[in-house]
Amino acid sequence: MFNNSIEILERRTHMRTLIVYTSKYGFTENVAKILGDHIEGDVAIHKCDKDYSVDLTKFENVIVGSSLYVGKPNNAVLDFCEKYQRLLMSKRLGFFVTGTTGKEAVEALRLNFPEDMVKKSEAIGCFGYALNFEKMRFFDRLVTRIVLKKDQSEVEIDSEAIEMFAQKFNKHNMRSDSK
Ligand SMILES: Cc1cc2nc3c(=O)[nH]c(=O)nc-3n(C[C@H](O)[C@H](O)[C@H](O)COP(=O)(O)O)c2cc1C
C-alpha cells in the first residue's frame, strides 16, 4: 500500500573479516578455520608465513593468530603487525594464540603483539593446543620433552574459548552502506 513511499536510507551488512595466521604443524590453521565459521559476514583466511600480499583495504576486521614457541608468537605475524601497524589500527582487531599454557599463553599474546593493537582489540584468547610427535622435528620433540615435560601426542581444542571470542567479535560487527 505504502511501498512506493519507502526509501531505503541505510543498508546494514556485516563487516568483512580477514583472519591472518601462522601454523607450524597445522593446529592453528584448524582453529583459524573453525573461528572463521563462527564469525558473521564474509571471512577470508590467509596463511602469513612468507607472503603478506593481501589487500587489507578490502576488510574492516582483521584477526591475527599464531601458535607459541618458547613463549613467542611466530615472527611472520609479528612482522605483519609491524609492517601494517598504521592500517591495522584503523580496523576492528582480534588476536588469538594456541599453546599448552592457557592463561600464560594469553599473557604472552599481550606481551608480544603491539600494545596499542592489543588494547584496541575486540577479543583475545587462547584456543588450546596440539602436540603431534609424529609431525614434530627433532629439536621440537626435544624441547617438548624437556621444557613442556610432555612425551605423548595430545590435542586439546578449547571450543568454548573460540565461541566466546566469536561472540565478542560479532558484537557491533556491522557496517552501514548509506545510500
Ligand atoms: C618446541 C615447542 C615449544 C613450545 N612452546 C610453547 C610455549 O612457550 N608456550 C605455550 O603455551 N605453548 C608452547 N608450545 C605448544 C604449541 O604452541 C602448540 O603445540 C600449538 O598448538 C602448535 O600449533 P601449530 O601446530 O599451529 O604450530 C610449544 C610446542 C613446541 C613443539
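The values are calculated or read from the model by the stated rules, or taken from the named source; none is laboratory data. Computed from a prediction, not measured in an experiment: that's the story for all the values here. No Cβ is skipped: glycine too gets one built from the backbone with ideal geometry, and neighbour counts run over all protein chains shown.
Just a few scattered comments:
- Filter pass, SER121 being under 21 Å from the mean Cα position of the chain (by Cα) and exposed (fewer than 14 other Cβ atoms within 10 Å of the Cβ): no
- Screening ASP140, ASP151 for residues that are of a type outside the set (Lys, Arg) and either crowded, with 16+ Cβ neighbours inside 10 Å or in contact with a Gly (Cβ under 7 Å, 6 or more places away or on another chain) (or both) leaves exactly one candidate, ASP140.
- Residue match in the range 4-12 (condition: closer than 23 Å to ASN132 by Cα and in contact (Cβ under 8 Å) with a residue 12 or more places away in the chain): no
- Selection of the range 121-179 for residues being within 13 Å of the ligand (Cβ to nearest atom), under 26 Å from ILE19 (Cα atoms) and polar (S, T, N, Q) yields only ASN132.
- Scanning the range 81-109 for residues that are within 12 Å of the ligand (Cβ to nearest atom), surrounded by 13 or more Cβ atoms within 10 Å (Cβ to Cβ) and not aromatic (Phe, Trp, Tyr) yields a count of 12.
- Of the strands (runs of 3 or more DSSP E) lying entirely inside the range 60-179, those containing at least 3 residues that are at pLDDT 95 or above are 61-69, 92-98, 123-126, 128-131, 154-157.
- Residue match in the range 33-47 (condition: within 12 Å of the ligand (Cβ to nearest atom), under 23 Å from ALA123 (Cβ atoms), surrounded by fewer than 20 Cβ atoms within 10 Å (Cβ to Cβ) and at pLDDT below 95): yes
- Checked against the criteria, ASN112 counts as within 16 Å of the ligand (Cβ to nearest atom) and in contact with a Pro (Cβ under 6 Å, 6 or more places away or on another chain).
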